[in-house]
Amino acid sequence: MNIRSETIADYLAIAEVNVLAFGQENEAKLVEEIRNSNRYIPELSLVAEVEGLVVSHILFSYIDLIGEETLQVLGLAPMAVHPRFQRQGIGSALVKASLEIADTRGEAIVIVLGNPPFYSRFGFEPSVNYEIESPFPVPEEFFMVKPLQSYQERYKGKVVYPPAFEKV
């Protein structure tokens, strides 16, 4: 398996992985919308390849955390693994690699709406533990955060996703 940053040549394969993993086009469209926005971070859009084929994709982009001040933080969405390659550790490897890059970049915190048993393995905790409010009416355990080395206590407030997320 090879993990690397996405390239323009990967766009169609990434869209296909997202459609197959989620059973709809919403996430593939989200990736495209984020790429065309000022919230896109090329170094944090990674693919995993197996024998030269893109089988997984993860994307982090900037979202807002509004409290006493408005801070840009990382939102992890989407993360997709081709159905034929799920449950083989590929998604986990992609999450680990991307979190290391985010930490190296000096990012402070990552926010995800996802599966608690999966994401808690990487240090994600319910956002309420950090006084971070979800913009969605979801059970607390599904809206999670992972503080990175640059995290400071000032990171609290309500998450606001950019317009690209409105269609998901």
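No lab work stands behind these numbers, since they all come straight from the coordinates. Remember, predicted model here, so these are calculated numbers, not experimental data. Cβ atoms come from the backbone with ideal geometry, glycine included; neighbour counts cover every protein chain shown.
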Checklist entry - Once the Cα gyration tensor of the stretch 2-163 is diagonalised, what are the square roots of 5 times its eigenvalues, in whole Å and ordered largest first, as equivalent ellipsoid semi-axes? => result 25, 16, 15
Item to check | Inter-probe distance in nm under a simple model that places probes 7 Å from Cα toward Cβ, at Asp103 and Asn26 | outcome: 3.2 nm
Item to check | Cut-off 14 Å (backbone N to label point 7 Å along Cα→Cβ of Glu51), residues of the stretch 1-44 | outcome: 1-2
Checklist entry - Considering the dipole of the chain built from charges on the beta carbon (Lys and Arg +1, Asp and Glu -1) around the Cα centre, which of Phe136, Asn2, Gly106 is farthest to its positive end? => result Asn2
Item to check | Tilt relative to the chain, helix 90-104 - C-alpha long axis, 0 to 90 degrees, to 10 | outcome: 50 degrees
Next on the checklist: How many angstrom lie between the Cα centre of the stretch 117-144 and the Cα centre of the stretch 55-94?
Outcome noted: 14 Å
Checklist entry - Tell me, what is the percent relative contact order of the chain, built from C-alpha pairs under 8 Å that lie six or more residues apart? => result 23 percent
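Using only DSSP helix segments of four residues or longer, with each worth -39500 (n - 2.57), what per-residue ellipticity at 222 nm results for the chain after dividing by its residue count and rounding to 500?
Values: 4 runs with 41 residues, N = 168.
Estimated from H runs of four or more residues: -7000 deg cm²/dmol.
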Checklist entry - How much length is gained if the chain between Gln72 and Phe136 is pulled fully straight, taking 0.36 nm per residue apart and subtracting their Cα-Cα distance, in nm to one decimal? => result 21.2 nm
Item to check | Packing-based exposure ordering (other Cβ within 10 Å, fewest first) of Val73, Val128, Val138, Val55 | outcome: Val138, Val128, Val73, Val55
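Once the piece of chain linking Gln149 and Asn129 is laid out straight, how much longer is it, given 0.36 nm per residue of separation minus the C-alpha distance between them?
On the way: separation 20, 0.36 × 20 = 7.20 nm, distance 1.71 nm.
Computed gain between Gln149 and Asn129 is 5.5 nm.
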